[in-house]
Amino acid sequence: TTAIRSYFETAAPAVIAPVVIREPFPVRSLEQAVPTSETSPFSFELNTDLVFLLLGVYALFVLYRGFKLVQAWQTTRTIKRNAFELAADDNIAAIINKCESDLATSSRQIRVMRSETLPVPVTMGLAQPVIILPEALLREGNTELLTSAIGHEFIHVARNDYLLNFIYELLYIPLAFHPAAALLRRRIKQTRELCCDELVADRILNAEVYARSLLQLAGSAPTLRRLSVTTTVGIADADILEARIMSLLTKPKMTTRWKRTLLFIVSILLLVPCVAAAAFNVRFDLETVTAQDPAPQEQRQKELEKQNRERAVKEMTGADVIKERIARDPQFASELERRRELEIEMRAVTQAALVKLARISMEQAIQVATSQQPGKVLLATLGAKGWEEPGKLSKDGVAFYHIQIADEVSGGVTHVWVNAIDGTLIKTEKELPRKQRSPDNQ
């Protein structure tokens with residue numbers, strides 16, 4: 001816009017409008033009312049050649065982004081042409097009927113096809129939606145996986161995600177150079193998959209069952225990105241697998257009606273204390289004047305018992321307090337067990353993400369470590385540091401193998417860290433053996 005405006009201002013001849021000074025208005029007012037470009041600190045001029053250069057570069061950029069979108073659309077059509085109709089299968093037909101009834105999409109004509117080249121399920125089509133399932137998924141015949149995949153893609157159809165995604169891609173073309181536009185486009189994809197996951201867990205499958213299926217389905221997706229750029233929408237579009245699993249396992253199951261009711265109740269609970277506090281301030285002075293009598297004997301006894309219980313709890317260790325609460329509160333015991341299961345699930349998700357990040361095996365890492373420090377390998381673990389978000393490392397993050405090697409001669413332990421991506425040696429630290437104390441020094 002600045003370049004275009006500068007071009008027309010440069011190309012147009014200067015026109016000086018006559019200024020008529022009337023008697024009632026002082027000359028100072030006219031100078032303040034008609035600012036010139038020389039006094040404005042924010043104005044600048046561009047050379048005509050520079051204007052044409054900027055416009056040309058931007059036009060080439062827009063053409064390039066448009067060409068990439070057309071190429072992605074042609075790839076999508078190729079995927080559809082290479083897909084085949086599903087063979088008659090009672091199990092798949094029952095799953096499709098269940099998804100249509102649960103999501104109320106029976107009025108739309110949705111075709112379900114199969115493909116031998118796609119690694120994950122996808123959805124495409126503007127007027128006639130098409131769901132394409134991988135041949136490997138159909139051969140496996142797992143009912144939970146098929147229900148999760150088909151249900152997720154049916155929700156994409158019900159939400160018109162393919163059409164909306166195509167509109168977003170068109171709007172993204174002239175703004176693709178801006179980092180905020182790229183961030184917004186990525187957040188839209190992530191929010192879209194989180195919404196679909198929530199609807200599947202709410203209407204079709206249990207949240208824990210769907211979380212397990214989602215972990216298996218996402219594991220079959222390409223490691224870094226799609227095999228080819230397309231305009232399809234699918235279950236593996238967003239790169240926030242760990243956040244999706246956490247959202248499924250921790251979010252309470254509430255309908256929209258319950259959410260609105262809860263919002264109304266919370267608003268009332270916030271309003272009532274304010275009104276009560278105002279009334280309490282009014283009668284506070286009156287009550288303090290008459291509240292001079294000593295407390296009754298029963299109240300003193302209760303306060304004494306409360307103090308004894310608090311003292312006993314402070315003297316107990318943390319483990320004893322937890323055991324006592326588990327014995328006294330069954331709900332706390334069940335909540336503690338649920339948290340333990342959730343931690344186990346999250347450790348499994350983190351380990352799966354680490355396995356995807358690692359490019360060399362643990363045996364290769366051990367060979368690199370023992371070539372630098374010969375000895376007996378005591379322990380080898382896979383870890384990472386510098387997470388930018390769940391399942392994705394930052395630019396300065398690194399995945400590594402931590403190997404502990406025992407020195408049979410000196411008795412010490414050497415810690416070796418090996419890069420899990422390229423196999424380079426990160427650092428080495430030696431842990432000297434502890435000296436045994438003599439009886440005189442004890």
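Each label point is 7 Å from the Cα along the Cα-to-Cβ direction; what then is the distance between the points at R340 and L378, in nm?
2.9
Taking the Cα atoms of segment 131-219 alone, what are Rg (to one decimal) and Dmax (as a whole number) in Å?
15.2, 45
What order, most packed first, do the peptides 195-206, 171-182 have when packing is the mean number of other Cβ atoms within 10 Å of each residue?
Details: 195-206: 19.7, 171-182: 13.1.
Per-residue mean Cβ counts within 10 Å order the peptides as 195-206, 171-182.
Counting residues in segment 70-187 as N, plug N into 2.2 N^0.38 Å and put the Cα Rg over that result.
So the Cα radius of gyration is 1.17 times the expected 2.2 N^0.38 Å.
Beyond 23 Å, what share of the Cα-Cα pairs of segment 53-137 is found? Please give it as a whole percent.
Details: 1422 of 3570 pairs.
Tail of the P(r) past 23 Å holds 40 percent of the pairs.
Label W73 and L50 with points 7 Å out from Cα along Cα→Cβ: what is the distance between them in nm?
Using points 7 Å along Cα→Cβ, the separation is 3.7 nm.
So if R0 is 41 Å, what FRET efficiency would T117 and A180 give, r being the distance between their Cβ atoms, rounded to the nearest 0.05? Each step should come with its number before you reach the end.
Details: r = 35 Å, r/R0 = 0.85.
Efficiency for this residue pair is about 0.70.
Bear in mind these aren't lab numbers, they're just calculated from the coordinates by the rules spelled out. Values in this document were obtained by computation on a predicted structure and should not be read as measured data. Cβ atoms come from the backbone with ideal geometry, glycine included; neighbour counts cover every protein chain shown.
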